[in-house]
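Below: the structure, in structure tokens.
The values are calculated or read from the model by the stated rules, or taken from the named source; none is laboratory data. Given the structure is predicted, the values throughout are model-derived calculations rather than measurements. Virtual Cβ from ideal backbone geometry, glycine too; neighbours counted across all protein chains shown.
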Ligand code: HAM
């Protein structure tokens, strides 16, 4: 046998048994975001590398270590998108959608990051992404969070909690950053290698350190929330008030800084309590400077992305899944004429009963084999198309989950006969 080609590490196949959970999530999201007035937009998976460098930031882990970048045949540096916000922002600019207009947009699809794979962290993963551009908030911030809270309720996901923070404006953050660098410089000998590396380029990320030995040092660091500019403070207070008004519980986490550079003011994360390190199921925030930074007219924006793999895992854990689709009718074919005419008969039934699922026996097999397959299909009703029956202008019908005997139905009235039989079996 030829050597097997292995799948790429961190990139998963989604098997038929899992697809039901994905479709359930996709359907629920689509319905909910449409009800909140978000319009779907689809952007390419490949973009110019420069887009991500300029928006996410060269010194972030995502851009510095995790991008799938390559040179195209035409010599351009392209990158498989590690996230969707940059592409969505680029698209509203490229398609001249701004001009003072406001948009509520969403998209869904695969993202790529060269991270170390582990449970809940993959190299190809999927996000649902919502972006509201042209809204200065804080009402839109609160509404977006309300939408996510409603999604958890709709999906029956319970053990998630909301953390929020404000990163202030770039100016107030710059001043805070200086304080932070001075603080960590004073403790340079206690910094781990990762934090030392971040000290110059991205000191706020040191606050995010997962290293237990760094926790004491991080706990003593000055807090961003205490150095916010007045407007950001008012924005944040208003958001907190709105969340209280609509009954969405939150925790203020002053160390929530997020790993992408484009954020300003509101940032938030929904954390799942039961999973391990990879516990953020939905994260986002405001990016008031991003569109201008990408060459568009200055336009505020806010959005979030949810990790679909992580939410699917929670759905499976909670047992909140719709039952898998099964056929209504399994068609058993018995004899030469039946085998020859079976497909045409079933196609006619598919025309007449487009709502019904028919599974025709494929690849012959004796009566016993075919009934075993019928049983495994979980269809409630079998149709028996045999040479004998065809000669008499009828077809046999047999309930598969009840001990009722076989009946016959004239071919001319088969569609009505099937509907009546299915109705009597509780499959209206
Ligand atoms: P992010 O925090 O990098 O933000 O990712 C958002 C979510 O995607 C995370 O909370 C997590 O659920 C999921 N996720 C991230 N990386 C992985 C991975 N390697 N494997 C599985 N799931 C993962 C963003 O991407 C921003 N673009 C969100 C945003 C939209 N901000 C404003 N608008």
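Below is a table of values for the structure above.
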read-out	value
Given (1) under 40 Å from the mean Cα position of the chain (by Cα); (2) surrounded by 14 or more Cβ atoms within 10 Å (Cβ to Cβ), index of the condition residue 387 fails	(1)
Any pair with Cβ under 6 angstrom, 6 or more apart, that starts in the range 238-259 at a residue that is closer than 20 Å to residue 219 by Cα and assigned by TED's automatic domain parsing to the domain that holds residue 150 and ends at one that is within 15 Å of the ligand (Cβ to nearest atom) and assigned to a loop (DSSP other than H, G, I, E, B)	259/60
Count of the range 278-293 residues which are over 22 Å from residue 203 (Cβ atoms) and more than 11 Å from the ligand (Cβ to nearest atom)	2
Tally of residues being assigned to a helix (DSSP H, G or I) and modelled with pLDDT of 90 or more across the range 310-366	24
Unique match (being over 19 Å from residue 297 (Cα atoms) and away from the ligand (no atom under 12 Å from the Cβ)) among 74, 100	74
Matching entry among 264, 274 (being within 28 Å of residue 17 (Cα to Cα), touching a helix residue (DSSP H, G or I) at 6+ places or on another chain (Cβ under 9 Å) and within 15 Å of the ligand (Cβ to nearest atom))	274
Residue within the range 232-245 that is in contact with a strand residue (DSSP E or B) (Cβ under 7 Å, 6 or more places away or on another chain), within 16 Å of the ligand (Cβ to nearest atom) and part of a strand (DSSP E or B) present	no
Residue tally, condition surrounded by fewer than 19 Cβ atoms within 10 Å (Cβ to Cβ), under 21 Å from residue 136 (Cα atoms) and in contact with a strand residue (DSSP E or B) (Cβ under 8 Å, 6 or more places away or on another chain), over the range 67-107	4
Residue in the range 202-211 that is out of contact with any helix residue (DSSP H, G or I) (no Cβ under 8 Å at 6 or more places or on another chain), under 23 Å from residue 130 (Cβ atoms) and surrounded by fewer than 14 Cβ atoms within 10 Å (Cβ to Cβ) present	no
The range 130-171, residues that are touching a strand residue (DSSP E or B) at 6+ places or on another chain (Cβ under 9 Å) and part of a helix (DSSP H, G or I)	140, 141, 143, 144, 145, 147, 148, 149, 151, 152, 170
Residue in the range 141-157 that is surrounded by the fewest Cβ atoms within 10 Å (Cβ to Cβ), counting only those that are at pLDDT 95 or above and within 14 Å of the ligand (Cβ to nearest atom)	147
Qualifying positions in the range 77-97 - part of a loop (DSSP other than H, G, I, E, B) and within 16 Å of the ligand (Cβ to nearest atom)	81, 82, 83, 84
Hits in the range 173-198 - residues which are in contact with a helix residue (DSSP H, G or I) (Cβ under 6 Å, 6 or more places away or on another chain) and at pLDDT below 85	198
Number of positions in the range 249-261 that are near the ligand (Cβ under 7 Å from one of its atoms) and either in contact with a strand residue (DSSP E or B) (Cβ under 6 Å, 6 or more places away or on another chain) or within 17 Å of residue 237 (Cα to Cα) (or both)	1
Residues satisfying the stated conditions in the range 143-161, i.e. in contact with a helix residue (DSSP H, G or I) (Cβ under 7 Å, 6 or more places away or on another chain) and closer than 19 Å to residue 304 by Cβ	145, 147, 150, 151, 154, 155, 157, 160
Matching residues, the range 41-60, being crowded, with 17+ Cβ neighbours inside 10 Å and outside any loop (DSSP other than H, G, I, E, B)	47, 49, 51, 52, 53, 54, 55, 56
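One line per residue, one yes/no per condition, for (1) buried (at least 16 other Cβ atoms within 10 Å of the Cβ); (2) within 16 Å of the ligand (Cβ to nearest atom):
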position	(1), (2)
131	yes, yes
139	no, no
159	no, yes
176	yes, no
182	no, no
191	yes, no
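One line per residue, one yes/no per condition, for (1) away from the ligand (no atom under 16 Å from the Cβ); (2) in contact (Cβ under 8 Å) with a residue 40 or more places away in the chain; (3) within 30 Å of residue 263 (Cα to Cα):
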| site | (1), (2), (3) |
| --- | --- |
| 313 | no, yes, yes |
| 338 | yes, yes, no |
| 363 | yes, no, no |
| 366 | yes, no, no |
